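Peer 1: Dropping the structure in here first, questions after.
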Amino acid sequence: MKLTDISVSFAPDATIQWDDGIRAYATSKSIPDDQIATATNTPEGKAYVRNLLAQRIKAGVDKTMAGHLNGSRPVRLNIVVHSFTISPAIQRIVIGGGHGMLADANLVDARTGASIVAYPKMSVVLVVGQGVLGTAVQAAIDHASEQSTADKIASRYGDSYRDWLLRKS
């Protein structure tokens, strides 16, 4: 099998908690801080965040899958995101929370669209610092990292899917 494309879409009821995406939309529309919550909770705002996130997920999964499916049969990986969560620092301090993604992964024949192998509701989680000290340490780690948290989640999803798929082969 040769991976020729990765598509990322979102379930109709998908939940996304990603402040960077919301801020990017607000910046693109010059929305003041006191209006972000209302202005981004619109179909246009949600579509913007989903499109931005889909690009990040596709890039992360593509990078981790590179060089692992090099056969002759062209295949496509369809990812349908059900949830994507990056818990804000204040949440992790007060009540706890984490970072992760839940999505269906379906490898299909690129020519016919026939499903080859599916992994429904595959989940990945990043362990992050909790409480005041843990959140402060996590902030320092994140600041020193070359990858954003969203990119780390996408890469972890790609790693997990690749490893699962190679064990299936």
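The values are calculated or read from the model by the stated rules, or taken from the named source; none is laboratory data. Every value quoted in this text rests on a predicted model; they were computed, and no experiment measured them. Cβ: placed from backbone, ideal geometry, glycine included. Neighbour counts: every protein chain shown. For the accessible areas, the whole protein counts, side chains as well, though only heavy atoms, and no ligand, DNA or RNA atoms are used. Shrake-Rupley method; radii C 1.70, N 1.55, O 1.52, S 1.80 Å.
Peer 1: Connecting C-alpha atoms closer than 10 Å in a GNM of the chain, tell me which of Gly158, Gly67, Gly100 has the biggest fluctuation.
Peer 2: Gly67
Peer 1: May I pose another question? Among Ser30, Gly98, Val108, flag the residue with its Cα farthest along the positive direction of the charge dipole of the range 21-112, charges on Cβ as +1 for Lys/Arg and -1 for Asp/Glu.
Peer 2: Val108
Peer 1: Have a look at Val81, Val108, Val127 and tell me which one the Gaussian network model of the chain (Cα, springs below 10 Å) gives the largest fluctuation.
Peer 2: In the Gaussian network model the winner is Val127.
Peer 1: Follow-up. Would you mind checking the tilt of helix 43-65 against the longest principal axis of the Cα atoms of the chain, expressed as 0 to 90 degrees and rounded to 10?
Peer 2: So the helix axis and the longest Cα principal axis differ by about 50 degrees.
Peer 1: Let me ask you something else. Could you work out the helix-only [θ] at 222 nm for the chain, with each DSSP H run of four or more residues adding -39,500 (n - 2.57) and the total divided by the number of residues, to the nearest 500 deg cm²/dmol?
Peer 2: The helix-only estimate for the chain comes to -14500 deg cm²/dmol at 222 nm.
Peer 1: With r defined as the distance between the Cβ atoms of Ala140 and Gln55 and R0 fixed at 35 Å, what FRET efficiency is calculated, to the nearest 0.05?
Peer 2: Efficiency for this residue pair is about 0.80.
Peer 1: Under unit Cβ charges (Lys, Arg +1; Asp, Glu -1), what dipole magnitude, rounded to 20 debye, does the chain have relative to its Cα centre?
Peer 2: The calculated dipole for the chain is roughly 640 debye.
Peer 1: Solvent-accessible area of His68, probe 1.4 Å, all protein chains present, reported in Å² to the nearest ten, please.
Peer 2: 80 Å²
Peer 1: A further question follows. Please state the relative contact order of the chain as a whole percent: Cα pairs under 8 Å, 6+ residues apart?
Peer 2: Across the chain, relative contact order equals 26 percent.
Peer 1: Full extension from Asp33 to Lys121: what is 0.36 nm times the residue separation minus their Cα-Cα distance, to one decimal in nm?
Peer 2: 28.2 nm
Peer 1: Then there's this: What is the helix-to-structure angle for 19-28, meaning the angle in degrees between its Cα long axis and the longest Cα principal axis of the chain, kept from 0 to 90 and rounded to the nearest 10?
Peer 2: Once rounded, the angle reads 80 degrees.
Peer 1: Would you mind checking which residues have amide H under 5 Å from His99's amide H? H placed 1.01 Å from N; only 5 or more apart, or other chain.
Peer 2: Under 5 Å from the amide H of His99 lie the amide H atoms of Ser87, Leu126, Val128, each far enough along the sequence or on another chain.
Peer 1: Out of Arg73, Arg50, Arg156, any idea which swings most in a Gaussian network model of the chain, alpha carbons joined below 10 Å?
Peer 2: Arg73
Peer 1: Express in nm, to one decimal, how much length is gained between Gln147 and Asn70 on full extension, taking 0.36 nm for each residue of separation and deducting their alpha carbon distance.
Peer 2: Full extension from Gln147 to Asn70 adds 25.1 nm.
Peer 1: Of all beta bridges DSSP finds with both residues in the chain, what is the antiparallel percent, to the nearest 5?
Peer 2: Rounded to the nearest five, the antiparallel share is 65 percent.
Peer 1: Work through the residues other than Phe10 whose Cβ is under 12 Å from its Cβ and net out their charges, Lys, Arg +1 and Asp, Glu -1.
Peer 2: 0
Peer 1: So, one more: Any idea what angle helix 131-144 forms with the longest principal axis of the chain, computed on alpha-carbon atoms, 0 to 90 degrees, nearest 10?
Peer 2: Its long axis makes an angle of about 60 degrees.
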